[in-house]
Amino acid sequence: SRRVEWNLESLSLQECVDLALSSLRWQNSSNAAPAMRIETDLPDKLPFIRADGEWIVEVLSKLLDNACKFTQANGQVTISAHVVDKKTVEVVVADTGRGIESDRLETVFERFYQEEGALRRSVGGVGLGLAICQQVIEGLNGKVWATSAGKNQGTQIHFTLPQVKKAGRNV
């Protein structure tokens, strides 16, 4: 509905990632399939971000869930982050899965879209996850986009968020 009330605060991106990973592990704890390898690459001195913590954990959870759904059990998912400039932090959730053709990179953020098509869905979901992520990130004054070298080359979902200069201080 685009009528979200944001609870903006200074947040540790590491804590948000840890919560999203914990949620993903809990959801998959009853799954008999081998665990996917998920790695994090977050600098120790990453500045705090200015965002709504519940929504950032939700975005990370959706991105991790997608990455795991579209990556084989022996594949890998990586969450990384880096400072873009004095105002922005970029987060990337990358996988070694199916990949996306370059002409479909923008389309994946459309509502009810799923890369393999509505009639042949094999991984579940209704195609709202990335649309919700885009709405949340843009609502928090960030940007979101996808990159991929193509079919079977993995996918990277990038998003940016404003950073806070000092922990605990809202700007």
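The values are calculated or read from the model by the stated rules, or taken from the named source; none is laboratory data. Just so you know, these numbers come straight off a predicted model, no measurement behind them. Glycine gets a Cβ as well: all are built from the backbone with ideal geometry, and neighbour counts include every protein chain shown. For accessibility, only protein heavy atoms count, side chains too; no ligands or nucleic acids. Shrake-Rupley method; radii C 1.70, N 1.55, O 1.52, S 1.80 Å.
Remarks
- Screening GLY99, GLY142 for residues that are assigned to a loop (DSSP other than H, G, I, E, B), modelled with pLDDT of 95 or more and either in contact with a strand residue (DSSP E or B) (Cβ under 6 Å, 6 or more places away or on another chain) or closer than 30 Å to GLU9 by Cβ (or both) leaves exactly one candidate, GLY142.
- Tally of residues being at pLDDT 95 or above and open to solvent by 70 Å² or more (accessible area, probe 1.4 Å) across region 67-82: 1
- With respect to being outside any helix (DSSP H, G or I), buried (at least 21 other Cβ atoms within 10 Å of the Cβ) and within 14 Å of the chain's Cα centre (by Cα), VAL59 falls outside the description.
- Single match in ARG169, ARG111 (criterion: at pLDDT below 95 and closer than 30 Å to PHE48 by Cα): ARG169
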